[in-house]
């Protein structure tokens, strides 16, 4: 069950860069700023391949590495591949076939890898989150895609719009939120998010260390209590 005591969310840094060199440089800034988890972003995977997982793990052995594969098929194979390179967690899309999500969860259980189900694009976010909880997902992730957010009248509101409803329905696993700035990160933290994910546009600001430090500081100030575990 969701703990009753208040716990501050973990901050996960999405390394959405075209090269591993850029990713490593940003990861160093993120660690200096105080992030808890490093994410191999999808653009980095597409550009550089799965070898980036091991590269980041060797560079930052004390930080868990989550791989944003957003698998839509071959769920078990995707998890096994990421696990073989040292991943602590892998994302699978909730919009994938039931069999894919279940296979990913099962493979994660066998490999000791946490399977995060990404709710991007789901029409019934609450219903799908509940199903994924029942299948054994360790976290469900609310994500308003960049294209969706650009089309929304109020991007910040859209990011956290479903959080309360999903948390009411999903009581056995935590809920994470992909954020695009400090405002929606603070709202997500106060709304009970277990993990807040930060990437662009925060990391592409003129002073990324300053921006990331402010982000981490304000998220931690939003909720009193010890940090959550991954």
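Given the criteria farther than 26 Å from residue 105 by Cα, modelled with pLDDT of 95 or more and either in contact with a strand residue (DSSP E or B) (Cβ under 9 Å, 6 or more places away or on another chain) or not in a strand (DSSP E or B) (or both), does residue 24 qualify?
Judged against the criteria, residue 24 is a match.
Identify, from the list 180, 215, the residue that is assigned to a helix (DSSP H, G or I) and either in contact with a strand residue (DSSP E or B) (Cβ under 8 Å, 6 or more places away or on another chain) or within 23 Å of residue 41 (Cβ to Cβ) (or both).
Step by step, each of 180, 215 is checked, and only 215 is assigned to a helix (DSSP H, G or I) and either in contact with a strand residue (DSSP E or B) (Cβ under 8 Å, 6 or more places away or on another chain) or within 23 Å of residue 41 (Cβ to Cβ) (or both).
Of everything in the range 78-98, what is part of a helix (DSSP H, G or I) and in contact (Cβ under 8 Å) with a residue 24 or more places away in the chain? Give them in sequence order.
78, 79, 80, 81, 82, 83, 98
Go through (1) crowded, with 19+ Cβ neighbours inside 10 Å; (2) out of contact with any helix residue (DSSP H, G or I) (no Cβ under 6 Å at 6 or more places or on another chain); (3) part of a loop (DSSP other than H, G, I, E, B) for residue 171 and report which single condition fails.
The one condition residue 171 does not meet is (1).
Listed here are the residues, each with its yes/no results for (1) modelled with pLDDT of 95 or more; (2) buried (at least 20 other Cβ atoms within 10 Å of the Cβ); (3) under 28 Å from residue 191 (Cβ atoms); (4) in contact with a strand residue (DSSP E or B) (Cβ under 8 Å, 6 or more places away or on another chain).
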{"residue": "12", "(1), (2), (3), (4)": "yes, yes, yes, yes"}
{"residue": "32", "(1), (2), (3), (4)": "yes, no, yes, no"}
{"residue": "52", "(1), (2), (3), (4)": "yes, yes, no, yes"}
{"residue": "59", "(1), (2), (3), (4)": "yes, no, no, no"}
{"residue": "81", "(1), (2), (3), (4)": "yes, no, no, no"}
{"residue": "86", "(1), (2), (3), (4)": "yes, no, no, yes"}
{"residue": "89", "(1), (2), (3), (4)": "yes, yes, yes, yes"}
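Would you be able to tell me the number of residues in the range 99-116 that are part of a loop (DSSP other than H, G, I, E, B) and crowded, with 18+ Cβ neighbours inside 10 Å?
Within the range 99-116, residues that are part of a loop (DSSP other than H, G, I, E, B) and crowded, with 18+ Cβ neighbours inside 10 Å number 1.
The values are calculated or read from the model by the stated rules, or taken from the named source; none is laboratory data. Keep in mind it's a predicted model, so treat the numbers as computed, not measured. Note that each Cβ is placed from the backbone with ideal geometry, even for glycine, and that neighbours are counted across all protein chains shown.
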